[in-house]
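K.L.:
Below is a structure I'd like to ask you about.
The values are calculated or read from the model by the stated rules, or taken from the named source; none is laboratory data. Keep in mind that what you see is a predicted model, and the values were worked out from it rather than measured. Please note: Cβ atoms are built from the backbone with ideal geometry, for glycine as well, and neighbour counts cover all protein chains shown. The protein model used for the area step is the full one, side chains on, heavy atoms only, and it has no ligands, DNA or RNA in it. Shrake-Rupley method; radii C 1.70, N 1.55, O 1.52, S 1.80 Å.
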Amino acid sequence: MLIISCADKKSEKQTSEFDKVLGIENVVTLNFLVSDFENDFLKRQYPNLDTENAYRQFLTELRDEKTENWKRISEKARNKFKSSDLRLEMYEFPDSVWIIENSSMDKIESDSLEYIKHPVPYIKSRYKYTNPDGTTEYTFARGNSFELTPNSNFDSIINREMNSPNFNYIGKYLRALESIKDKGEFHKEFYETKKNAGFLFPESTARVMLNYDIDLNDKLNRKIIVLELAY
């Protein structure tokens, strides 16, 4: 009992550190998403399983790519996440997108690397960052040009790019994962992989979680599962 008690306290401490880095408002959002996932999605999907085994079945089906009969996450939860600051701590979106006619019409920003010359139209995106001291910085990305033709619907392409997420490498989510990387071997590997790769394949993530036999009663593990595999 003493060993279990100490383990529980250690887990609570790590969860608290994760929550502290993530921030109060983001934790409120995350707790709502986890509650909705457990009490709505899992209960509808696996009505005869308790919560722990429902999580395990969810991971197993995802690992085996048997998701064709999955129900949808509730609209309320999806809208909650879409309008939240938590989403922006996980993903980044351009604040401006242009169609550049060709590279002779482009310019290299002071913080940009040299880019490949393109004689055809291509997409250019700008990302805005606000530093802790209130100053603003921008980075730029240039996309593929294979789909751009004179008859392309440029407005549609720009709108799609504006709503296409990239992983946020400087957001609070990755910093929160860093704060709990010493919780166990899984958490260390998971953080290092996220730091280097950003987006991960859900099937592979589920497989690694099952291989490590992570504790599915652990609140922190459940938070990671919901954020990584449901949103």
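K.L.:
Collect the residues in the stretch 85-104 that are over 25 Å from THR149 (Cβ atoms), among the hydrophobic types (A, V, I, L, M, F, W, C) and open to solvent by less than 60 Å² (accessible area, probe 1.4 Å), keeping them in residue-number order.
P.N.:
From the stretch 85-104, those over 25 Å from THR149 (Cβ atoms) are 85-93, 95; that's our starting set.
Subset that is among the hydrophobic types (A, V, I, L, M, F, W, C): 86, 88, 90, 93.
The answer is LEU86, MET90, PHE93.
K.L.:
To continue, here is another question. So the check is Cβ under 6 Å with 6+ separation or different chains; which pairs have a first residue in the stretch 215-231 that's among the polar types (S, T, N, Q) and a second one that's open to solvent by 10 Å² or more (accessible area, probe 1.4 Å)?
P.N.:
ASN217/GLU52; ASN221/ILE214; ASN221/ASP215
K.L.:
I'd like to verify a number: residues in the stretch 154-171 that are among the small types (Gly, Ala, Ser), open to solvent by less than 30 Å² (accessible area, probe 1.4 Å) and assigned to a helix (DSSP H, G or I), how many?
P.N.:
Our first condition is that a residue be among the small types (Gly, Ala, Ser); within the stretch 154-171, this holds for 156, 164, 171.
Okay, now just the ones that are also open to solvent by less than 30 Å² (accessible area, probe 1.4 Å), so 171.
Filter again for assigned to a helix (DSSP H, G or I), leaving none.
Residues flagged as among the small types (Gly, Ala, Ser), open to solvent by less than 30 Å² (accessible area, probe 1.4 Å) and assigned to a helix (DSSP H, G or I) within the stretch 154-171 amount to 0.
K.L.:
Check MET162 against each of (1) of a type in the set (A, V, I, L, M, F, W, C); (2) modelled with pLDDT of 90 or more; (3) within 22 Å of ASN196 (Cα to Cα) and name the one condition it does not meet.
P.N.:
(3)
K.L.:
Just one of the numbered conditions (1) in contact with a Lys or Arg (Cβ under 7 Å, 6 or more places away or on another chain); (2) assigned to a strand (DSSP E or B); (3) not acidic (Asp, Glu) is not true of LEU174; which one?
P.N.:
(2)
K.L.:
Sticking with this one: Please go through (1) open to solvent by less than 40 Å² (accessible area, probe 1.4 Å); (2) closer than 27 Å to VAL21 by Cα; (3) free of Cβ contacts under 8 Å to residues at least 24 places away in the same chain for LYS82 and return the number of the only condition it doesn't satisfy.
P.N.:
In the conditions (1) open to solvent by less than 40 Å² (accessible area, probe 1.4 Å); (2) closer than 27 Å to VAL21 by Cα; (3) free of Cβ contacts under 8 Å to residues at least 24 places away in the same chain, LYS82 misses (1) alone.
K.L.:
Output the qualifying pairs, or none if there are none: Cβ atoms under 6 angstrom, residues six or more apart or on different chains, first residue in the stretch 190-207 and modelled with pLDDT of 95 or more and small (Gly, Ala, Ser), second residue exposed (fewer than 14 other Cβ atoms within 10 Å of the Cβ) and not in a helix (DSSP H, G or I).
P.N.:
The qualifying pairs do not exist here.
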